[in-house]
Amino acid sequence: MPSVAQAPSPDSILIGEFGEIQLFLGMPKDSALGALRENFDVVDEPTGEVAIISKGSVAAGKVGVQYGWVSFKGASLASVTKVWAINGDDKGSVVRAIRGAMSSFGASARACSVKTFYHQEPTTEKSGVEISCGKRHVQILTVRLTSATGSREDVAVNEVLGSEP
């Protein structure tokens, strides 16, 4: 992953390990999915979102690298979530992911909001903080997954481009 986000236009976001695909809010669904399928596997989720996963992993039956999700309203791209990679227990990668996601806000002065959140389901617990500046949001969170064999906790940094709160 790039250590610092390049400054895309306010209505676009770069997806992929090296920013291979630029997606724009309002982009036609067919164009967005076509561009994604050239570089990634795309998988429909039960939530209605489409997951963006490393190419070839689904056909091979492997768990691939997840680069994010997209969702559509009608025939247009409504939101994009970009996952910033955190490599193992490397604490430095957490800071690099936060810095990269936060740099997407650019240098423009605007009012931003900060909120904390907590969400629990039978097997998943998410808590963290979300910083929102216009259509861009950065989520810094912990995710605890629990199964019959135990539980594990991960840290995630997500950059979201979507509607203003």
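The values are calculated or read from the model by the stated rules, or taken from the named source; none is laboratory data. Computed from a predicted model, the values in this text were never measured in an experiment. Glycine also receives a Cβ, built like all others from the backbone with ideal geometry; neighbour counts cover every protein chain displayed.
Picking from residues in segment 141-165 that are hydroxyl-bearing (S, T, Y) and free of Cβ contacts under 8 Å to residues at least 12 places away in the same chain, the one that is farthest from S93 (Cα to Cα) is T149.
In segment 25-40, the residue that is nearest to V160 (Cα to Cα) out of those that are surrounded by 18 or more Cβ atoms within 10 Å (Cβ to Cβ) and out of contact with any Lys or Arg (no Cβ under 6 Å at 6 or more places or on another chain) is L25.
In the set (1) at pLDDT 75 or above; (2) outside any strand (DSSP E or B); (3) loosely packed, with under 13 Cβ neighbours inside 10 Å, A59 fails one condition alone, (1). Of the residues screened, E125 is not one that is touching a Lys or Arg at 6+ places or on another chain (Cβ under 9 Å), in contact (Cβ under 8 Å) with a residue 12 or more places away in the chain, surrounded by 18 or more Cβ atoms within 10 Å (Cβ to Cβ) and in a strand (DSSP E or B).
Summed over segment 127-156, the residues that are within 11 Å of T81 (Cβ to Cβ) and either charged (D, E, K, R) or touching a helix residue (DSSP H, G or I) at 6+ places or on another chain (Cβ under 7 Å) (or both) give a count of 1. Screening Y118 against (1) at pLDDT 80 or above; (2) within 22 Å of M27 (Cβ to Cβ); (3) aromatic (F, W, Y) leaves a single unmet condition, (2).
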